[in-house]
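Presented below is the structure to which this report refers.
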Amino acid sequence: MTEAKIEFGTSGWRGIISDDFTYDGVRRVTQAIAQHLKEKECALVKNGVIVGYDTRFLSENFAAAAAGVLSANGIKTFLTKRDTPTPVLSSEIIKKKLAGGINITASHNPPEYNGLKFSPSSGGPALPETTRIIEKYANNPRLAVPLENNKNIYGLEPSKEYLKLIRNIVDFKLIKKAGLKAGVDLLFGTGRDYLDLLLLESCRKVKVLHNYRDAYFGGGAPEPSRERLGNLKAVIKEDKLDLGLATDGDADRYGIIDRDGTFITPNEILPLLMVYLKKSRGWTGCVVRTVATTHLVDALAKKYGITVRETPVGFKYIGEIMMKEPMIIGGEESGGLTIFKHIPEKDGILACLLVLEMVAAEKSSIKEILHRSYAEVGYFATGKGNVSLAGAKKEKLFEGLKKKPPLKFGNYAVEKLITLDGFKFLLGGKNWLMIRLSGTEPLVRLYAEADSDKHLNEILNLGKKYILSF
């Protein structure tokens with residue numbers, strides 16, 4: 001049987017367990033990583049590499065195989081003693097000055113998937129130039145993978161240091177004083193004994209959901225989305241809680257529900273936290289957002305004198321800017337977020353706790369805080385959708401966008417085209433539409449924003465109509 005080709009997406013290599021994601025594949029990718037580290041980061045290889053994993057089926061076994069290959073290469077390897085959040089692994093790479101880390105996770109993907117993510121010594125996601133090298137080595141049929149051994153493997157429990165780090169960032173005294181009541185849904189993932197523990201220490205009342213391992217994630221994807229947080233919404237209403245917090249399978253993304261059961265999107269949370277951190281911490285620096293993320297960030301940033309940096313989709317680009325210049329906060333519409341002097345990686349645990357702190361400080365619901373922001377800069381309606389398109393039609397669409405991009409969508413004239421990642425059409429005022437072709441699925445992704453819900457739906461429908469014309 002021929003192994004499937006190894007391909008890294010925006011956040012690592014992922015595939016269906018046993019079909020695409022196999023032990024042999026894990027060993028080959030790990031060997032490719034070992035080869036790359038020996039060639040490019042010799043000074044740090046002596047410090048070692050950390051290997052962690054999430055709560056998916058066989059994740060600990062895949063992690064053990066990766067650790068065995070690193071050990072056979074003579075690389076000191078720290079293998080976590082239990083499933084561990086992605087941000088915890090990132091902070092450990094930085095603290096121990098390691099050459100990097102391997103994480104066996106498919107993040108928020110459905111349970112039949114698993115994946116392998118590599119982080120270099122920065123602690124953030126590997127940039128494309130690094131993953132291309134790893135891909136090249138892993139797909140070389142002559143790549144020799146040594147027999148695994150345990151000579152250089154050391155067990156590690158990294159929770160203590162990470163919890164200490166978070167306690168130094170978040171104002172838990174303020175949260176305790178507010179006497180908040182919170183719900184938390186850990187979605188059967190790695191966030192248990194982290195987010196729930198910190199909430200139990202600081203809130204007057206906490207309702208904890210799904211704080212145990214289930215490799216099937218209750219029958220759905222471990223994604224803290226509106227659709228997956230119905231149980232949390234019900235608990236908030238039933239117990240009259242102040243807010244609900246959730247993390248995904250590897251705890252690098254977050255989900256927020258307000259006291260009335262309203263799901264608050266990451267597009268709404270990012271600008272609110274930006275303003276809150278600017279006011280409460282007095283930090284200076286830029287805000288970084290991906291090209292698909294709301295321009296509410298830009299409007300509030302302009303009001304508060306904050307520079308905006310726009311990046312391609314993928315948190316690695318946010319982390320790259322963070323390491324080059326002062327940054328108050330960086331985030332993306334898909335639920336990734338980090339802040340000044342923290343790790344250059346998504347941290348869903350921290351994001352949830354900062355929202356909790358903001359609610360405590362403002363003595364308001366999240367919707368009330370959001371409405372105050374709209375009063376300052378106006379309303380922003382944000383949405384997205386997917387259109388199924390495969391094969392020749394998808395290729396024809398791409399060629400059409402490249403060679404003859406549309407000059408208008410319905411009555412909306414295109415004022416500017418941004419091709420930083422996909423095709424983003426600025427349509428005047430607050431209105432824009434972005435078309436981005438998925439690199440791994442037969443899908444075209446649509447993102448849009450407008451000055452009203454009505455105009456948002458119009459723009460999304462016009463985008464779908466354009467795509468389906470090919």
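We did not get these values from a lab; they are worked out from the coordinates using the rules stated. No experiment lies behind these values; they were computed from the predicted model shown. Cβ placement follows ideal geometry from the backbone for every residue including glycine, while neighbour counts extend to all protein chains displayed.
Sticking with the crude label model, points 7 Å out along Cα→Cβ, report the distance from L174 to A234 in nm, one decimal please.
3.5 nm
I want to check the label-to-label distance for T284 and K302. Put each point 7 Å from Cα in the C-beta direction and report it in nm to one decimal.
Roughly 2.3 nm, to one decimal.
Which ³J(HN,Hα) values in Hz, rounded to whole numbers, follow from the phi angles of segment 137-151 under the Karplus curve 6.51 cos²θ - 1.76 cosθ + 1.60, where θ = phi - 60° and Gly and Pro get x?
5, 5, 8, 6, x, 8, 5, 8, 9, x, 5, 4, 8, 10, 4
Pairs K117/K237; K96/K173; K279/K430; K76/K278; K279/K324: which are spaced more than 32 Å apart, C-alpha to C-alpha?
K117/K237; K76/K278
Counting helices only, and only those DSSP H runs with n ≥ 4, report the 222 nm mean residue ellipticity of the chain as the sum of -39,500 (n - 2.57) divided by its residues, in deg cm²/dmol to the nearest 500. The partial results should precede the final answer.
On the way: 16 runs with 182 residues, N = 470.
Helix contribution divided over all residues of the chain: -12000 deg cm²/dmol.
Dividing the Cα convex hull volume of segment 337-392 by residue count, how many Å³ per residue is that?
On the way: hull volume 10.2 nm³, N = 56.
Expressed per residue, the convex hull around the Cα atoms of segment 337-392 is 183 Å³.
Dividing the convex hull volume of the Cα atoms of segment 381-468 by its residue count, what figure in Å³ per residue is obtained?
Numbers: hull volume 7.4 nm³, N = 88.
It comes to 84 Å³ per residue, whole-number rounded.
Note down the Stokes-Einstein diffusion coefficient of segment 131-254 in µm²/s, whole number, using a Kirkwood radius over alpha carbon pairs, 37 °C, and 0.692 mPa s. Can you show the working numbers first?
Details: Rh = 17.2 Å.
So the translational diffusion coefficient is about 191 µm²/s.
Charges only on Cβ, +1 for Lys and Arg, -1 for Asp and Glu: so what's the dipole of segment 8-157 about the Cα centre, in debye to the nearest 20?
On the way: 18 positive and 14 negative charges, 114 e Å.
Rounded to the nearest 20 debye, it is 540 debye.
Return the long-range amide H neighbours of T293 (sequence gap of 5 or more, or a different chain), with a cut-off of under 5 Å between placed amide H atoms.
E333
At q = 0.13, 0.14, 0.19, 0.21 Å⁻¹, work out log10 I(q)/I(0) for segment 8-157 with the Debye formula, treating every Cα as an identical point scatterer and leaving solvent out; two decimals please.
-0.48, -0.56, -1.13, -1.45
If each Cα of the chain is one equal point scatterer, what is log10 of I(q)/I(0) from the Debye formula at q = 0.08, 0.10, 0.11, 0.12 Å⁻¹?
-0.47, -0.75, -0.91, -1.08
Work out from phi, with θ = phi - 60° and the Karplus expression 6.51 cos²θ - 1.76 cosθ + 1.60, the ³J(HN,Hα) of each residue of segment 276-291, listed in order in whole Hz, and give x for Gly and Pro.
With coefficients 6.51, -1.76 and 1.60, one gets 4, 5, 4, 6, 7, 9, x, 6, 10, x, 8, 10, 10, 9, 6, 5 Hz.
Could you list which residues have their amide H under 5 Å from that of L79, counting only those 5 or more apart in sequence or on another chain, with H placed in the peptide plane?
Result for L79 returns V51, Y154, G155, L156.
If amide hydrogens are placed 1.01 Å from N in the peptide plane, which non-local residues have theirs closer than 5 Å to the one on L443?
Here the answer is L389, S438, since their amide H atoms fall under 5 Å of that of L443.
Each residue of segment 214-230 in turn: what ³J(HN,Hα) in whole Hz from Karplus with 6.51, -1.76, 1.60 and θ = phi - 60°, glycine and Pro shown as x?
Result, rounded to whole Hz: 9, 5, 9, 6, x, x, x, 6, x, 10, x, 9, 3, 5, 8, 9, x.
Arrange L370, L350, L70 by Cβ neighbour counts within 10 Å, fewest through most, would you?
On the way: L370 20, L350 25, L70 29.
Ranking L370, L350, L70 by Cβ neighbours within 10 Å, fewest first, gives L370, L350, L70.
How would you rank H455, H36, going from fewest to most other Cβ atoms within 10 Å of each one's own Cβ?
Working: H455 18, H36 22.
Taking fewest neighbouring Cβ atoms as first place, the list is H455, H36.
If you take the charge dipole of segment 229-380 about its Cα centre, with +1 on Lys and Arg Cβ and -1 on Asp and Glu Cβ, which of S334, A246, V275 is farthest toward its positive end?
Result: V275, furthest along the dipole toward the positive end.
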